[in-house]
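Q: This is the structure I want to talk about, given as structure tokens.
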Amino acid sequence: MPSALYLVPADAQEFWRSWTSGPVGALYLHVPFCLRKCAYCDFASCATPHQAPLMHDYARSLHAMVRQVGEYGLLDSLATAYIGGGTPTMLAPHDLGNLAAAVQRYGAIRELSCEANPESLTPDHLAALRDGGATRISLGVQSFIDEELRVLGRVHTGQKAREALQASVASGLRVSCDLMGATPRQTPQSFAYSIEQAIWLGVGHLSIYPLIIEEGTPFYAAVESGHMAQPSEDSEADAMLAAQRILTAQGFSRYEVASYSRPGEVCLHNLAYWNGTPYLGFGVAAASMVDAAGYEVLRQLMPQLPRNASAAARLRLSCTSSATEIAEAYGDVEALKFEIESLTAREAAAEDLMLAARTTFGIGRELQERAYEAIGREAVDATIDDLCERGLLKQVASGAYVPTQQGWLLGNEVYGALWDLASDN
């Protein structure tokens, strides 16, 4: 197993700032299979029986795709990778381990994370991931209270979550845990209990998400029909404040709006998304983000991609191929279908400002200068000054603008104002 970086947040930020540029710095592989869809979930996932042949064929195809792009040189500058879902541990242990090992053959991987759910994680999965070169496992727990889990549509129990976390910590992998706040049947006491359980079990990284009612989910239908109350902004804010209070008292530091870590346990891959690092994604609905030069490299390997006719500065690709189509492609990336979103230099700069405002590092001087060039100093300064006057951003000693306590709670107002800079109207 490779030696993972032991980084505090500032060092992790500096890692990506000094990363040697290439086509991509991060890789995401999406495994869309779940034992059952949760009531709140709008992710690209599907209920799949255990040991369904499709899962093996899909994993084998992803493995071959990694090999194809790796041998072409697209992964030479790869630093992190993440196997997400869905539920990657729905795959057979050897298939999941082989997928991790395929990634580790390329670039200089310093962190390889894999998502898991308690009901499907086995000792064989942990051993296969460790032997394949994974450095972190991220468990979707959401709560340790059985009634809350039942309402959310989760398959596991609180006891099963505890057992899975204990086994993960004992495996030697770094361990992340996802929890949800402001959920049905949850109380301030039960939410605090779930956080404290994760800490007590030895988790080094926690992501805390408020419940979002997404269109098309059972929860959305319940809210629309009046059978369930829409979570209030106050309850969401209270949950996020409680999480911050409990975690900081236990030695965790927030480094991103939803993520906290003990010293040295920052998720390097997570930060890649907020730093504007180019990334590549394979699998159902997997996203990629590259600059114009990186896109041309992709087109050499995937000629089905359209020409960058608008000379966009940044391009985002979303795979629209189904799980069956990906499985049947058997690693042929030319068979994949994509939707393409093009961003101008101005839009890319506004996006970078917005993403930076999700982190404790904030909008640094280097990013400000890039935004001045693409957007204009007057417009950028006016927006940042307005956010400061509203008490949502503040300037720190380094010159960076970072969220205030109010800015964390009213993040959408911050992100919306910065994204508005994408338009010159």
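Q: Would you compute, from DSSP H runs of 4+ residues alone, the mean residue ellipticity of the chain at 222 nm, taking -39500 (n - 2.57) per run and dividing by the full residue count, rounded to the nearest 500? Can you show the working numbers first?
A: On the way: 17 runs with 182 residues, N = 425.
About -13000 deg cm²/dmol.
Q: Normalised by the residues of segment 116-240, what does the relative contact order come to in percent, with Cα pairs under 8 Å and at least six apart?
A: On the way: 171 pairs, mean separation 30.6, N = 125.
Once divided by the residue count of segment 116-240, the mean separation gives 25 percent.
Q: Placing +1 on the Cβ of each Lys and Arg and -1 on the Cβ of each Asp and Glu in the chain, which of MET65, MET90, GLY172 has its Cα farthest towards the positive end of the resulting dipole?
A: GLY172
Q: How far apart, in nanometres, would the label points at THR122 and VAL169 be if each is projected 7 angstrom from Cα along the Cα-to-Cβ direction?
A: Those two pseudo-labels are separated by 2.5 nm.
Q: For the chain, give the magnitude of the charge dipole about the Cα centre (Cβ charges: +1 Lys/Arg, -1 Asp/Glu; no others), in debye to the nearest 20.
A: With only Lys, Arg, Asp and Glu charged at Cβ, the dipole is about 1000 debye.
Q: Using only the alpha carbons, work out the radius of gyration and Dmax of segment 338-425 in angstrom.
A: Reported Rg and Dmax, both Å: 12.5, 44.
Q: Show me the trypsin sites (Lys or Arg not before Pro) within segment 297-332 that DSSP assigns to loop and that have at most 16 other Cβ atoms within 10 Å of their Cβ. Walk me through the numbers before you get to the answer.
A: Values: sites: ARG299, ARG307, ARG314, ARG316; in loops: ARG307.
In loop regions of segment 297-332 (DSSP not H, G, I, E or B), the sparsely surrounded trypsin sites (Lys or Arg not before Pro) are ARG307.
Q: If you don't mind, there's one more thing I want to ask. Return SER398, SER194, SER322, SER342 ranked ascending by Cβ neighbour count within 10 Å, so the fewest neighbours appear first. Write down the numbers at each step before the final one.
A: On the way: SER398 12, SER194 24, SER322 15, SER342 18.
The order, fewest Cβ neighbours first, is SER398, SER322, SER342, SER194.
Q: I've got another one for you. Which is farthest toward the positive dipole end of segment 116-258 among THR157, TYR209, THR135, measuring Cα position about the Cα centre, with Cβ charges +1 (Lys, Arg) and -1 (Asp, Glu)?
A: THR135
Q: Now for a different question. For segment 303-308, what does the Karplus curve 6.51 cos²θ - 1.76 cosθ + 1.60, with θ = phi - 60°, yield as ³J(HN,Hα) per residue in whole Hz, taken in order and with x for Gly and Pro?
A: Running phi through 6.51 cos²θ - 1.76 cosθ + 1.60 with θ = phi - 60° gives x, 6, 6, x, 5, 6 Hz.
Q: How large is ³J(HN,Hα) for each residue in segment 268-275, as worked out from phi by the Karplus curve 6.51 cos²θ - 1.76 cosθ + 1.60 (θ = phi - 60°), to whole Hz, x for Gly and Pro?
A: Karplus-based 3J(HN,Hα) across segment 268-275 equals 4, 5, 4, 5, 4, 5, 8, 9 Hz.
Q: Another question about this same structure. Estimate the FRET efficiency between ARG36 and CYS388 by the formula 1/(1 + (r/R0)^6), using the beta-carbon distance for r and 51 Å for R0, to the nearest 0.05.
A: Values: r = 46 Å, r/R0 = 0.90.
Efficiency, rounded to the nearest 0.05: 0.65.
Q: Still on this model: Between GLN189 and GLN406, what FRET efficiency comes out of the Förster formula 1/(1 + (r/R0)^6) with R0 = 30 Å and r the beta carbon distance, rounded to 0.05?
A: For GLN406 and GLN189, the calculated efficiency is 0.70.
Q: Still on this structure, I have one more. Note down the relative contact order for segment 297-421 as a percent, whole number, built from C-alpha pairs under 8 angstrom at least six residues apart. If you can, show how the numbers build up before the last one.
A: Details: 157 pairs, mean separation 28.9, N = 125.
Once normalised by length, the contact order is 23 percent.
Q: In what sequence do THR187, THR80 fall when counting other Cβ within 10 Å, fewest first?
A: Values: THR187 10, THR80 30.
The most exposed by this proxy come first: THR187, THR80.
Q: Sticking with this structure for a sec: By counting other Cβ atoms within 10 Å of each Cβ, how are PHE43, PHE252 ranked from fewest to most?
A: Values: PHE43 18, PHE252 23.
Ranking PHE43, PHE252 by Cβ neighbours within 10 Å, fewest first, gives PHE43, PHE252.
Q: What FRET efficiency comes out for the pair ARG105/ARG150, r = Cβ-Cβ distance, R0 = 41 Å, nearest 0.05?
A: On the way: r = 42 Å, r/R0 = 1.03.
Efficiency for this residue pair is about 0.45.
Q: Using a simple spin-label model with points 7 Å from Cα along the Cα→Cβ vector, what separation in nm is obtained for SER310 and VAL223?
A: Result for the modelled spin labels: 3.0 nm.
Q: For the chain, which cysteines have no disulfide-compatible partner, meaning no other cysteine Cβ under 4.7 Å?
A: Within the chain, the cysteines lacking a partner Cβ under 4.7 Å are CYS34, CYS46, CYS114, CYS177, CYS267, CYS319, CYS388.
Q: Can you work out the Karplus-derived ³J(HN,Hα) for every residue in segment 352-359? Use 6.51 cos²θ - 1.76 cosθ + 1.60 with θ = phi - 60°, whole Hz, and x for glycine or proline.
A: Calculated HN-Hα couplings, in order: 5, 4, 4, 5, 4, 6, 7, 10 Hz.
Q: In percent, how large is the relative contact order of segment 245-345, given Cα pairs closer than 8 Å and 6 or more residues apart?
A: 22
Q: Let me ask something additional. When the chain is treated as a GNM, springs tying every alpha-carbon pair under 10 Å, which of VAL155, VAL69, VAL396 comes out with the largest mean-square fluctuation?
A: VAL396
Q: Moving on to the next point. For the chain, with equal point scatterers placed on the C-alpha atoms only and solvent neglected, what are the log10 I(q)/I(0) values from the Debye formula at q = 0.10, 0.12 1/Å, to two decimals?
A: Results for the chain at q = 0.10, 0.12 Å⁻¹ read -0.71, -1.06.
Values in this text are rule-based calculations from the coordinates and carry no lab data. Keep in mind the model is a prediction, meaning the values are calculated, not measured. FYI the Cβ positions are ideal-geometry reconstructions off the backbone, even for glycines, and counts take in every protein chain you see.
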